[in-house]
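**Q** Before I ask anything, here is the structure I am working with.
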Amino acid sequence: MSKKKILIRGAGVAGLWQALMLARRGHDVTVAERTAAPFAGACSAYAGGMLAPYCEEESAEPLIRDLGLRSIALWREAYPQTQAAGSLIVTQPRDRRELDRYARMTEGHERINGNRVGDLEPELADRFSVALYYAQEAHVVPGPALDFLVEAARGAGADLRFGEEAVDTKPDWTIDCRGLAARDALPELRGVRGERLLIRTEEVRLERPVRLLHPRFPIYVVPWDDNVFMVGATQIESEEAGAVSVRSALELLSTAYALHPAFGEAEIVEFGAGVRPAFPDNLPRVVVNGREIYVNGLFRHGFLLAPALAELVAAHVDEGASHPEVFVEDRLER
Ligand SMILES: Cc1cc2nc3c(=O)[nH]c(=O)nc-3n(C[C@H](O)[C@H](O)[C@H](O)COP(=O)(O)OP(=O)(O)OC[C@H]3O[C@@H](n4cnc5c(N)ncnc54)[C@H](O)[C@@H]3O)c2cc1C
């Protein structure tokens, strides 16, 4: 394997994992990120940080599960703060059929009773008499995890430049991870808005993400650091980032409250909405155009897929390897 000069465009979770993986393999990596402040223009800043390959099977292809399981191993190897505590799905008694449906649509879970729910999450004892427990799932707290990726990539020798769009390094390979901004080259990309809120309370302790099912859409609560919980997320065909609608805020807040009434006393830290980059089939793609590679369409799975996609791209750069389910050859003039 010979050392290659590689330019990565975009420092969201996708670009940073590419940088880390390729720098650790000994390549000469430069990252050009448009915004001067890290993550100021990144969808990655809005994520919950769930690594939930089995839960996602409910609405995604097996490919997401398989890449996601590999990613969890890579997160755990690289980032010791990865929380490998699994995740829980709960429901109100009136929505029990939803839980049955979810169980049929997904693998990797065990059906547990109320006592076991209480063992895993004492704060939820007596609140839910049945749940699905996905022991192999994991989560990261996105802010610290992204900061870690920046430092780890730099530590591996990558040159990360914030506030620089064009870096003239005459690269052997360019890896484009610009998220939705890459639509100039990938016209099929669309944005899918996701709203979320952050709340803080010392009254509730959770070890793992918990999803509360209800017939319209599942809402989850992810425990972050410092008593902060992320409550998310909507999925709306719109490209407006920023503000959260009253309706969505009500739904997110009432879900948190339904999960545990003590969330009613929590402090609201932040409302916000990010826009997920997605292809029409909501599957990720590695588009190869000669020495230009586009890694995009991570949709609601950026943290879940970025490490595995970085590994596949590195194998392509080093050995010409390809993965037919993800790689697309594209000979368009750009
Ligand atoms: C509310 C919400 C919750 C989510 N929860 C989860 C979750 O729990 N788990 C999960 O796996 N995923 C989750 N996601 C999805 C995840 O956030 C995205 O899939 C992921 O952030 C996409 O990452 P990316 O690196 O492709 O794009 P981005 O994070 O958008 O990064 C693209 C970067 O490219 C930069 N850029 C743009 N143009 C240029 C240019 N010309 N030159 C240089 N740089 C440029 C941008 O500034 C940006 O920093 C969630 C998303 C939302 C909105």
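The values are calculated or read from the model by the stated rules, or taken from the named source; none is laboratory data. Remember, predicted model here, so these are calculated numbers, not experimental data. Virtual Cβ from ideal backbone geometry, glycine too; neighbours counted across all protein chains shown.
**Q** As an exercise: evaluate Asn282 against (1) of a type in the set (S, T, N, Q); (2) at pLDDT below 95; (3) in a loop (DSSP other than H, G, I, E, B) and give the number of the one condition it does not meet.
**A** So the condition that Asn282 fails would be (2).
**Q** Take Ala85 and tell me if it is surrounded by fewer than 21 Cβ atoms within 10 Å (Cβ to Cβ), outside any helix (DSSP H, G or I) and of a type in the set (A, V, I, L, M).
**A** Yes, satisfied.
**Q** I'd like to know if the stretch 59-70 contains one or more residues that are over 24 Å from Ile175 (Cα atoms), of a type outside the set (A, V, I, L, M, F, W, C), in contact (Cβ under 8 Å) with a residue 40 or more places away in the chain and near the ligand (Cβ under 6 Å from one of its atoms).
**A** Within the stretch 59-70, none of the residues are over 24 Å from Ile175 (Cα atoms), of a type outside the set (A, V, I, L, M, F, W, C), in contact (Cβ under 8 Å) with a residue 40 or more places away in the chain and near the ligand (Cβ under 6 Å from one of its atoms).
**Q** While we're on this one: Are any residues in the stretch 229-271 within 14 Å of Ala47 (Cα to Cα) and part of a strand (DSSP E or B), and if so, which ones?
**A** Residues of the stretch 229-271 within 14 Å of Ala47 (Cα to Cα): 229-235, 241-242, 270-271.
Correct list: Phe229, Met230, Val231, Gly232, Gly242, Glu270, Phe271.
**Q** Of the residues Gly12, Gly48, which single one is touching a residue at least 60 places away in the same chain (Cβ under 8 Å) and in contact with a helix residue (DSSP H, G or I) (Cβ under 7 Å, 6 or more places away or on another chain)?
**A** The unique qualifying residue is Gly12.
**Q** Still on this structure: Looking at (1) in a helix (DSSP H, G or I); (2) within 13 Å of the ligand (Cβ to nearest atom); (3) without any contact (Cβ under 8 Å) to a residue 24 or more places away in the chain, can you tell me which one Glu77 breaks?
**A** Answer for Glu77: the failing condition is (2).
**Q** Only one of Arg276, Arg300 is within 14 Å of the ligand (Cβ to nearest atom), under 28 Å from Leu20 (Cα atoms) and not in a strand (DSSP E or B); which?
**A** On the way: Arg276 fails: not in a strand (DSSP E or B).
Of the residues listed, the single one that is within 14 Å of the ligand (Cβ to nearest atom), under 28 Å from Leu20 (Cα atoms) and not in a strand (DSSP E or B) is Arg300.
**Q** Consider Pro93 against the criteria (1) under 29 Å from Tyr257 (Cβ atoms); (2) surrounded by fewer than 16 Cβ atoms within 10 Å (Cβ to Cβ); (3) in contact (Cβ under 8 Å) with a residue 40 or more places away in the chain: it satisfies all of them except one. Which criterion is unmet?
**A** Of (1) under 29 Å from Tyr257 (Cβ atoms); (2) surrounded by fewer than 16 Cβ atoms within 10 Å (Cβ to Cβ); (3) in contact (Cβ under 8 Å) with a residue 40 or more places away in the chain, only one is false for Pro93: (3).
**Q** Within the stretch 42-58, work out how many residues are more than 8 Å from the ligand (Cβ to nearest atom) and either crowded, with 24+ Cβ neighbours inside 10 Å or polar (S, T, N, Q) (or both).
**A** So the first thing to find is which residues in the stretch 42-58 are more than 8 Å from the ligand (Cβ to nearest atom), and the list is 53-58.
Filter once more, so that each one left must be either crowded, with 24+ Cβ neighbours inside 10 Å or polar (S, T, N, Q) (or both): 53, 55.
Qualifying residue count for the region: 2.
**Q** Need a quick list: strands (runs of 3 or more DSSP E) entirely within the stretch 110-164 having at least 1 residues that are within 14 Å of the ligand (Cβ to nearest atom) and at pLDDT 95 or above.
**A** Correct list: 130-134, 159-162.
**Q** A further question on this structure: Just name the residue that is farthest from the chain's Cα centre (by Cα) out of those in the stretch 14-41 that are within 8 Å of the ligand (Cβ to nearest atom) and buried (at least 24 other Cβ atoms within 10 Å of the Cβ).
**A** Checking each candidate, the answer is Glu33.
**Q** Follow-up. Filter the stretch 101-122 down to the residues that are buried (at least 16 other Cβ atoms within 10 Å of the Cβ) and touching a residue at least 40 places away in the same chain (Cβ under 8 Å) and list them by number.
**A** Tyr102, Thr106, Gly108, His109, Leu120, Glu121
**Q** Based on this model, can you work out whether Gly290 counts as surrounded by fewer than 17 Cβ atoms within 10 Å (Cβ to Cβ) and not basic (Lys, Arg)? Steps first, answer last, please.
**A** On the way: surrounded by fewer than 17 Cβ atoms within 10 Å (Cβ to Cβ): yes; not basic (Lys, Arg): yes.
For Gly290, the condition - surrounded by fewer than 17 Cβ atoms within 10 Å (Cβ to Cβ) and not basic (Lys, Arg) - is met.
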